[in-house]
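Student: Structure below; questions to follow.
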Amino acid sequence: MKKVIALTLAVSMAAALAACGQSAPTESAPAAVSSATSAAAASSQPATAAATAVSGSTDGRTPVTLFRADDGNGAVEALIKGFEASQDKYSVNWVVASNDTDQVRDQLNTAFLAGSGEYDLVCIDTVWAGDMAAAGYLEPLDSYMMSAGRKVSDYNKGSLQSGTYSAKTYGLPLFPDFGVLYFRKDIVSQEDADKLIGGNYSWDDLITMSEKYMGQGGTTSGLNFQANQYEGLICNANEWTANFTDVQNGLSEMKKAVDSKATPEDILVYQEDQSATGFLNGETVFSRNWPYVWGKLNDESVVKKDQVDVAPLPGGSCIGGWLIGMNANSKNKEGAWALLDYITSLDGQVIFSSTGGYVPGFNEALNNPDVLKANELLSKPGFKKALENTIARPSSDDYNKLSDALQISIHKYLSGESDLDTCVSEVNKLLGK
Amino acid sequence: MNKSKVFQTISWFFIIVFLAITVFPFFWILISSFKPESEIMGAGSYRIIAAAPTLENYITVIFKKGMVRAIGNSFVISALTTSYVIVVASMSAYIISRFRFYGKSILMGLILAVSMFPQMIVIGPTFNMFYNAHLLNSYWVCLAYSTITLPSAVWIMVTHFKQVPLALEESARIDGCSAWEVLWKIIFPIAVPGVFTTAIMAFIAAWNEYMLSCTLNIDEKIQSVPVRLSYLKDEFTIFWGQISAAAIVVVIPTLIIVLLFQKQIVSGIVNGAVKE
């Protein structure tokens, strides 16, 4: 009996302590964060030590560390080779980042918060530039660009715009990505196909066409896009509302599409993967997605390349893709800029795009024959048209929060939990209109 | 008699339903690992045996995605963590179970409380410490792992050490053993089943750990299995075939360990069950 009482006492005590343990850290968390930031400012000495420990490679070159995911197509390897052959001062140390975008952001933020100078160059998603620049993690690039003679007009417009925060450039495009409409040219009539490729159609026309062609050629649905509650919803809403200029009409069209029998019943949980699978397996006539789907039209897919064409989207094509930024705590900014400039200018972009089949972010590279050969999409009129009209997502110094709030509000409306007026006023308020 | 038959049938029914539910995901992973990517989703996805079965997922995972090295890393890290935790936990458990001092139960509560901190809060400061001490991307991650494994290890071992009869220790003392010798020569060997349970639990916790590993060991060369698994996707696509193949490849070594030590694991778990 005594033992039982002792045991219960011990357990309850432990629980009480654990409860204290739970509440204490929540209070001290901000303190920990701020102390980490101040430590970041003060801790340049150990970081320097780290830098000297790392440098001193065998062939006398100073290493520049690049943090970028591996897309498995040899493009980064080719870039590194090209850079190391182009000069003899620096070598490249490539730290392979995860392909999971959220994980990369967590890893970067933890490292930046600690004031780490571990990575000289970091690849960031287009929407992170605002947050990271506002927090002081990234080095403004304008003075470097000026002395190297680079102009803003040299780079892809939408992509560069997303790397800009309070009138300074923090990231240059590694490659731009943007939404396009894939359609089955073996199903759609020539007349409609011309209309689509020329961009002479509205969202309403697209819904009508989807309903018309649905069921032909073995398809079970007409149109799919990304309507799950996640970042992709913002990209899609951005396109439907023409860069949030026409929120009212855009969202009501989007809702019309969701409710239409031409879209899959579970469209509200669709992300890129589901949309691509549906299109590749020949289940749908129209599909909004990123350029990567083109590469998946191969021997394994049911639908082949000669059955497919690409069209621009009515409201403009939302920009995605990746930028390269420089760590503000880098100990080797000269070397970092040398590599950054190489990657984002003509030579690097030609190598990177022609090896990996990307769209180059440096405009001059768009006409390079190797690049055109590697990326069949670039010779398609519909794709070129889409490239001309790219739109960035709303920028903010706390983009994550803004995006979350927008996603919730829009998804609620699309799933029928709130009405159009509520949603439109919420969205406008969030965007400060 | 009739009643027990009915009871038996019902039990069997529940066991089968339960097994079907729990085993099904593993079964599905196994068959998915032999399917080409195009058959995992879409119309052909309900086939048990793929129309075009392939070993490509296994080949990719083992030879191109570095899963073998990740398994090796995970083994080294888990084994180091386990041995380190066992040594530290036996010493502290001995002190707690045998010596009298004030605040013993508070100490035990504190130890347990440490393991209840949400990891998201611990991770930032841990990264800073590792960064400033230049311990990132190394096997030193074991140190960080002890925050999740050590507390429960101490608790389990205290219970086991308390079961060892005091008389044994007293006679050892009379024969001239020091406290140190008593611990390693008398108590530790007797409490081996408990030690085994603790070791297995520490090993599994370290083997499955993701957060710390993904933050502290970013370099490809030192990544552990769970982190490596998360690399099997690109920006828009999840390679389910490869993930399934990797899951199977990763389970095999752990399965071998469990089969080899089955007896010890079961006896260890049962031994801790009854408090005498």
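Student: Return the residues of the range A:362-381 that are among the charged types (D, E, K, R) and either surrounded by 15 or more Cβ atoms within 10 Å (Cβ to Cβ) or in contact (Cβ under 8 Å) with a residue 40 or more places away in the chain (or both); say none if nothing qualifies.
Tutor: Step one: of the range A:362-381, the residues among the charged types (D, E, K, R) are A:364, A:370, A:373, A:376, A:380.
A:364, A:376, A:380, listed by residue number.
Student: Determine the pairs where a residue that is more than 10 Å from chain A (Cβ to nearest Cβ), located within the range B:201-221, has a partner that is open to solvent by 10 Å² or more (accessible area, probe 1.4 Å) and part of a loop (DSSP other than H, G, I, E, B) with Cβ atoms under 6 Å apart, the partner being 6 or more residues away or on another chain.
Tutor: Taking only residues 6 or more apart or on different chains, the pairs are B:217/B:137.
Student: Output the residues belonging to the range A:346-361 that are over 23 Å from residue A:312 (Cα atoms) and open to solvent by less than 10 Å² (accessible area, probe 1.4 Å).
Tutor: A:348, A:349, A:352
Student: So, one more: Which of the residues spanning the range A:276-307 are part of a helix (DSSP H, G or I) and facing chain B (nearest Cβ under 9 Å)? Talk me through it step by step, then tell me what you get.
Tutor: Filtering the range A:276-307 for residues part of a helix (DSSP H, G or I) gives A:276-280, A:292-296, A:305-307.
Result: A:276, A:277, A:278, A:280, A:292, A:293, A:296.
Student: Here is a follow-up. Determine if the range A:139-149 includes at least one residue that is farther than 21 Å from residue A:365 by Cβ and either acidic (Asp, Glu) or outside the structural domain of residue A:328 (by TED's automatic domain parsing) (or both). Walk me through it before giving the result.
Tutor: First pass over the range A:139-149, keeping only residues farther than 21 Å from residue A:365 by Cβ: A:139-140, A:142-143, A:146-147.
Filter once more, keeping what is either acidic (Asp, Glu) or outside the structural domain of residue A:328 (by TED's automatic domain parsing) (or both): A:139, A:142.
There is at least one residue in the range A:139-149 that is farther than 21 Å from residue A:365 by Cβ and either acidic (Asp, Glu) or outside the structural domain of residue A:328 (by TED's automatic domain parsing) (or both).
Student: Could you count how many residues in the range A:182-203 are within 28 Å of the chain's Cα centre (by Cα) and surrounded by 14 or more Cβ atoms within 10 Å (Cβ to Cβ)?
Tutor: Residues meeting the conditions: 8.
Student: Determine if the range A:310-322 includes at least one residue that is within 14 Å of chain B (Cβ to nearest Cβ), open to solvent by less than 10 Å² (accessible area, probe 1.4 Å) and under 30 Å from residue A:114 (Cα atoms).
Tutor: For the range A:310-322, residues within 14 Å of chain B (Cβ to nearest Cβ), open to solvent by less than 10 Å² (accessible area, probe 1.4 Å) and under 30 Å from residue A:114 (Cα atoms): present.
Student: While we're here: Taking helices (runs of 4 or more DSSP H) that fall entirely within the range B:131-241, which contain at least 1 residues that are in contact with a His (Cβ under 8 Å, 6 or more places away or on another chain)?
Tutor: On the way: elements: B:141-163, B:166-174, B:192-208, B:211-216, B:225-230.
Ranges flagged: B:192-208.
Student: Looking at the range A:410-424, can you tell me whether even one residue there is in a helix (DSSP H, G or I), of a type in the set (A, V, I, L, M), open to solvent by 30 Å² or more (accessible area, probe 1.4 Å) and in the same structural domain as residue A:151 (by TED's automatic domain parsing)? Step through it out loud before you land on a result.
Tutor: Kept after step one, since they are in a helix (DSSP H, G or I), are these residues of the range A:410-424: A:410-414, A:420-424.
Checking the rest, the ones that are also of a type in the set (A, V, I, L, M) come to A:410, A:414, A:420, A:424.
Then drop every residue that is not open to solvent by 30 Å² or more (accessible area, probe 1.4 Å), which leaves A:420.
Now narrow it down to the ones that are in the same structural domain as residue A:151 (by TED's automatic domain parsing): none.
Checked the range A:410-424: no residue is in a helix (DSSP H, G or I), of a type in the set (A, V, I, L, M), open to solvent by 30 Å² or more (accessible area, probe 1.4 Å) and in the same structural domain as residue A:151 (by TED's automatic domain parsing).
Student: Another one. Enumerate the pairs (first residue in the range B:245-265 and under 17 Å from residue B:60 (Cβ atoms); second residue anywhere and open to solvent by 90 Å² or more (accessible area, probe 1.4 Å) and part of a helix (DSSP H, G or I)) with beta-carbon separation below 6 Å, excluding pairs fewer than 6 apart on the same chain, so at least 6 apart or on different chains.
Tutor: That search, which allows pairs on different chains as well, returns nothing.
Student: Give the number of residues within the range A:269-291 that are surrounded by fewer than 20 Cβ atoms within 10 Å (Cβ to Cβ), touching a residue at least 12 places away in the same chain (Cβ under 8 Å) and in contact with a strand residue (DSSP E or B) (Cβ under 8 Å, 6 or more places away or on another chain).
Tutor: 2
Student: Next up: With the structure loaded, tell me whether residue B:251 is surrounded by fewer than 19 Cβ atoms within 10 Å (Cβ to Cβ), at pLDDT 85 or above and either out of contact with any helix residue (DSSP H, G or I) (no Cβ under 8 Å at 6 or more places or on another chain) or not in a helix (DSSP H, G or I) (or both) or whether it fails that test.
Tutor: Working: surrounded by fewer than 19 Cβ atoms within 10 Å (Cβ to Cβ): yes; at pLDDT 85 or above: yes; either out of contact with any helix residue (DSSP H, G or I) (no Cβ under 8 Å at 6 or more places or on another chain) or not in a helix (DSSP H, G or I) (or both): yes.
Spelling it out, residue B:251 is indeed surrounded by fewer than 19 Cβ atoms within 10 Å (Cβ to Cβ), at pLDDT 85 or above and either out of contact with any helix residue (DSSP H, G or I) (no Cβ under 8 Å at 6 or more places or on another chain) or not in a helix (DSSP H, G or I) (or both).
Student: Right, something else. So which residues in the range A:224-239 are open to solvent by 10 Å² or more (accessible area, probe 1.4 Å) and more than 18 Å from residue B:235 (Cβ to Cβ), if there are any at all?
Tutor: Residues of the range A:224-239 open to solvent by 10 Å² or more (accessible area, probe 1.4 Å): A:228-231.
Correct list: A:229 only.
Student: Please tell me if residue B:83 is surrounded by 13 or more Cβ atoms within 10 Å (Cβ to Cβ), away from every other protein chain (no Cβ under 14 Å) and either over 19 Å from residue B:250 (Cα atoms) or touching a strand residue (DSSP E or B) at 6+ places or on another chain (Cβ under 9 Å) (or both). First the steps, then the outcome.
Tutor: Values: surrounded by 13 or more Cβ atoms within 10 Å (Cβ to Cβ): yes; away from every other protein chain (no Cβ under 14 Å): yes; either over 19 Å from residue B:250 (Cα atoms) or touching a strand residue (DSSP E or B) at 6+ places or on another chain (Cβ under 9 Å) (or both): yes.
For residue B:83, the condition - surrounded by 13 or more Cβ atoms within 10 Å (Cβ to Cβ), away from every other protein chain (no Cβ under 14 Å) and either over 19 Å from residue B:250 (Cα atoms) or touching a strand residue (DSSP E or B) at 6+ places or on another chain (Cβ under 9 Å) (or both) - is met.
Student: Filter the range B:38-80 down to residues that are within 12 Å of another protein chain (Cβ to nearest Cβ) and open to solvent by less than 60 Å² (accessible area, probe 1.4 Å), then give me how many there are.
Tutor: Qualifying residue count, the range B:38-80: 11.
Student: Hey, can you tell me all the residues within the range A:51-80 that are open to solvent by 30 Å² or more (accessible area, probe 1.4 Å), over 26 Å from the mean Cα position of the chain (by Cα) and modelled with pLDDT of 85 or more?
Tutor: A:61, A:62
Student: Name the single residue, out of those in the range B:110-153 being more than 10 Å from chain A (Cβ to nearest Cβ) and hydroxyl-bearing (Ser, Thr, Tyr), that is most open to solvent (accessible area, probe 1.4 Å). Full working, then the answer.
Tutor: Let us first name the residues in the range B:110-153 that are more than 10 Å from chain A (Cβ to nearest Cβ), namely B:119, B:135, B:138-153.
Right, trim to hydroxyl-bearing (Ser, Thr, Tyr) and you get B:138-139, B:145-147, B:149, B:152.
Values: B:138: 24, B:139: 90, B:145: 1, B:146: 13, B:147: 63, B:149: 4, B:152: 49 Å².
Step by step, filter the range B:110-153, then rank; the result is B:139.
The values are calculated or read from the model by the stated rules, or taken from the named source; none is laboratory data. Being a predicted model, the structure only gives us computed values, none of them experimental. Counting neighbours? That spans all protein chains shown, and the Cβs are built from the backbone with ideal geometry, glycine included. Just the protein is used for accessible areas: all its heavy atoms, side chains included, with ligands, DNA and RNA removed. Shrake-Rupley method; radii C 1.70, N 1.55, O 1.52, S 1.80 Å.
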